[in-house]
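Report on the following structure.
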């Protein structure tokens, strides 16, 4: 029996292997799009080489992902990437995937850290939006709340961009600045939560804020921020299931397919569904009961090198 293909291009939903069980087909019947990952080899703290990139690509396919935005860090002083360099790396990896028959579609993008003249960097092509659309990932420092944060995002909105704040639930300063995050979410800034935050991979603090933001209806995108296949693997379907348990299957689908697809086609935000809050706002959040934990503490992954890298990003972001 031949493999079953559904759709084409951005409408390519999945490729189901012949003989796959009906349950597996049900699990993968809905395609997903990942707008934040570090799959490009040797360019930042993500895939260390091509072999890891290929492993990640296959893991994405196995998880039902059809399209991935390659979003390496652009962080002066630590990751000296630029738009042209990233575009070339995406083209090279796509050629390898095509040659090996891995049906994953890549688009260029970047995890753009806050820098002076952010809008100018986008217009010059040094910084990258997602797939050359109006939508752009913006990553603030993890441990230092930048001054004039709301003004930065307001400037992006007035310049015609739709800024997407990456993984706010993992910022160590979210507790003291949550009001600003709420205001930005109501003023045209999109919030992207990491699937691993819902699974507990980043500790109880990140999970608490991820669940709270979902319940309050201010999250528009769920992404993996995958870096490899072991510590930070592609896990979007798991994140979708956990999100569905809180905000329902329809909103979970919007988080991983409807809105991401709208991003890649550069649809106007007004043409895409607004986030739905939890139907039961009284549900409990997953609080880490470890000594010293409180919402707002920075627990993150336990890996020492990861923590060191995050601190550097906080200093240089």
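Observations on the model:
- Of everything in the range 269-286 that is assigned to a loop (DSSP other than H, G, I, E, B) and over 15 Å from residue 213 (Cβ atoms), the residue that is modelled with the lowest pLDDT is 282.
- Of the residues in the range 199-208, not one is free of Cβ contacts under 8 Å to residues at least 60 places away in the same chain and not in a helix (DSSP H, G or I).
- Residue that is surrounded by the fewest Cβ atoms within 10 Å (Cβ to Cβ) [pool: residues in the range 233-268 that are part of a loop (DSSP other than H, G, I, E, B) and out of contact with any helix residue (DSSP H, G or I) (no Cβ under 7 Å at 6 or more places or on another chain)]: 268
- Any hit, the range 133-146, residues being free of Cβ contacts under 8 Å to residues at least 40 places away in the same chain and buried (at least 20 other Cβ atoms within 10 Å of the Cβ): yes
- Scan the range 46-80 for residues that are modelled with pLDDT of 95 or more, buried (at least 19 other Cβ atoms within 10 Å of the Cβ) and more than 18 Å from residue 99 (Cα to Cα) and the total you get is 11.
- Restricting 106, 93, 127, 122 to residues that are under 21 Å from the mean Cα position of the chain (by Cα), modelled with pLDDT of 95 or more, more than 22 Å from residue 193 (Cβ to Cβ) and in a strand (DSSP E or B) narrows the list to 106.
Rundown of residues vs (1) out of contact with any helix residue (DSSP H, G or I) (no Cβ under 6 Å at 6 or more places or on another chain); (2) in contact (Cβ under 8 Å) with a residue 40 or more places away in the chain; (3) farther than 20 Å from residue 45 by Cα; (4) buried (at least 16 other Cβ atoms within 10 Å of the Cβ), yes/no style:
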{"position": "83", "(1), (2), (3), (4)": "yes, yes, no, yes"}
{"position": "90", "(1), (2), (3), (4)": "yes, yes, no, yes"}
{"position": "96", "(1), (2), (3), (4)": "yes, yes, yes, no"}
{"position": "113", "(1), (2), (3), (4)": "yes, yes, no, yes"}
{"position": "118", "(1), (2), (3), (4)": "yes, no, yes, yes"}
{"position": "125", "(1), (2), (3), (4)": "no, yes, yes, no"}
{"position": "131", "(1), (2), (3), (4)": "no, yes, yes, yes"}
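The values are calculated or read from the model by the stated rules, or taken from the named source; none is laboratory data. Here the structure is a predicted model, which is why all the values come from computation and not from measurement. Quick reminder, even Gly has a Cβ in these numbers, built from the backbone with ideal geometry, and neighbours come from all protein chains shown.
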